[in-house]
1. Working only within segment A:36-70, note down all residues that are acidic (Asp, Glu) and under 25 Å from B:Gly105 (Cα atoms).
2. Just name the residue that is nearest to the other protein chains (Cβ to nearest Cβ) out of those in segment A:75-117 that are surrounded by 14 or more Cβ atoms within 10 Å (Cβ to Cβ), farther than 25 Å from B:Ser32 by Cα and of a type in the set (A, V, I, L, M, F, W, C).
3. Going by what's in this entry, would A:Lys42 be described as within 13 Å of chain B (Cβ to nearest Cβ) and not in a strand (DSSP E or B)?
4. Which residues, counting only those in segment A:31-74, are without any contact (Cβ under 8 Å) to a residue 12 or more places away in the chain and either among the small types (Gly, Ala, Ser) or buried (at least 21 other Cβ atoms within 10 Å of the Cβ) (or both)?
5. If you take the residues of segment B:26-38 that are hydroxyl-bearing (Ser, Thr, Tyr) and within 14 Å of chain A (Cβ to nearest Cβ), which of them is surrounded by the fewest Cβ atoms within 10 Å (Cβ to Cβ)?
6. Give me the pairs: first residue in segment B:1-25 and within 12 Å of B:Gln81 (Cβ to Cβ) and of a type in the set (Ser, Thr, Tyr), second residue part of a loop (DSSP other than H, G, I, E, B) and open to solvent by 60 Å² or more (accessible area, probe 1.4 Å), beta-carbon distance under 9 Å, and six or more apart or on different chains, which are they?
7. Can you confirm whether B:Asp55 is in contact (Cβ under 8 Å) with a residue 60 or more places away in the chain and in contact with a Leu (Cβ under 9 Å, 6 or more places away or on another chain)?
8. State which residue pairs qualify: first residue more than 7 Å from chain A (Cβ to nearest Cβ) and inside segment B:98-112, second residue surrounded by fewer than 15 Cβ atoms within 10 Å (Cβ to Cβ) in any location, beta carbons under 6 Å apart, and separation of 6 or more residues or different chains.
Amino acid sequence: GAVVSQHPSRVICKSGTSVKIECRSLDFQATTMFWYRQFPKKSLMLMATSNEGSKATYEQGVEKDKFLINHASLTLSTLTVTSAHPEDSSFYICSARDPITSYNEQFFGPGTRLTVL
Amino acid sequence: GDSVTQMEGPVTLSEEACLTINCTYTATGYPSLFWYVQYPGEGLQLLLKATKADDKGSNKGFEATYRKETTSFHLEKGSVQVSDSAVYFCALLNNAGNMLTFGGGTRLMVKP
């Protein structure tokens, strides 16, 4: 149980375009989802916390107009990188929390590798 | 704020060698502690966890004990395999359960 998927797994885009990444909880309802960014050979940095039906809470230094997060349903959160630039190239990982079966554990998606040319 | 410090890698071992990856933390209250593993090109998988002092988490031959007196959660395995090659992350979940703080990650390479 507690499977989280991400789509796409890999995306390459031109500078200036927008890219949408989906995060889905497949077998549970996630009231809270998290978006992380991981640079090569580095740890995960929390970007934002997404609560279903409300605005996301962004960490300090993360541009909310650049990284748009929508959590419209209990099983889907999306991260849109707007007007992407090469410095946005990174590995983006989402996680979801299942408050019913495991309140304090986050289940991670497989990640999306974004390359901006 | 909360923080997690783990030994820098890479750690290179021969198959069947003993493994220890050190992890220490600073936090207020009573955090939960986790070890995650990341295989190349993949996301994170939970390896083991401990939610209170003196708890021992174990999975796939790995184990770690939550030591409040030394604020540590060292990862150990008695005999590593080539398939254990990955990056291991120590993490701390705060009291409120809404913030997961990661260590820098330790790359383990196991040679046949």
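1. Across segment A:36-70, the qualifying residue is only A:Glu59.
2. Per the stated criteria, the residue is A:Phe91.
3. yes
4. Scanning segment A:31-74 gives A:Ser43, A:Gly61.
5. Step by step, filter segment B:26-38, then rank; the result is B:Tyr30.
6. Close Cβ pairs satisfying both conditions: B:Ser14/B:Pro112.
7. Judged against the criteria, B:Asp55 is not a match.
8. B:Arg107/B:Pro10; B:Met109/B:Pro10; B:Met109/B:Thr12; B:Val110/B:Glu15; B:Val110/B:Val82; B:Lys111/B:Ser14; B:Pro112/B:Glu15; B:Pro112/B:Val82
The values are calculated or read from the model by the stated rules, or taken from the named source; none is laboratory data. Everything numeric in this text was worked out from a predicted model, so none of it was measured. Glycine gets a Cβ as well: all are built from the backbone with ideal geometry, and neighbour counts include every protein chain shown. Side chains are part of the model used for accessible areas, which takes the heavy atoms of the whole protein and leaves out ligands, DNA and RNA. Shrake-Rupley method; radii C 1.70, N 1.55, O 1.52, S 1.80 Å.
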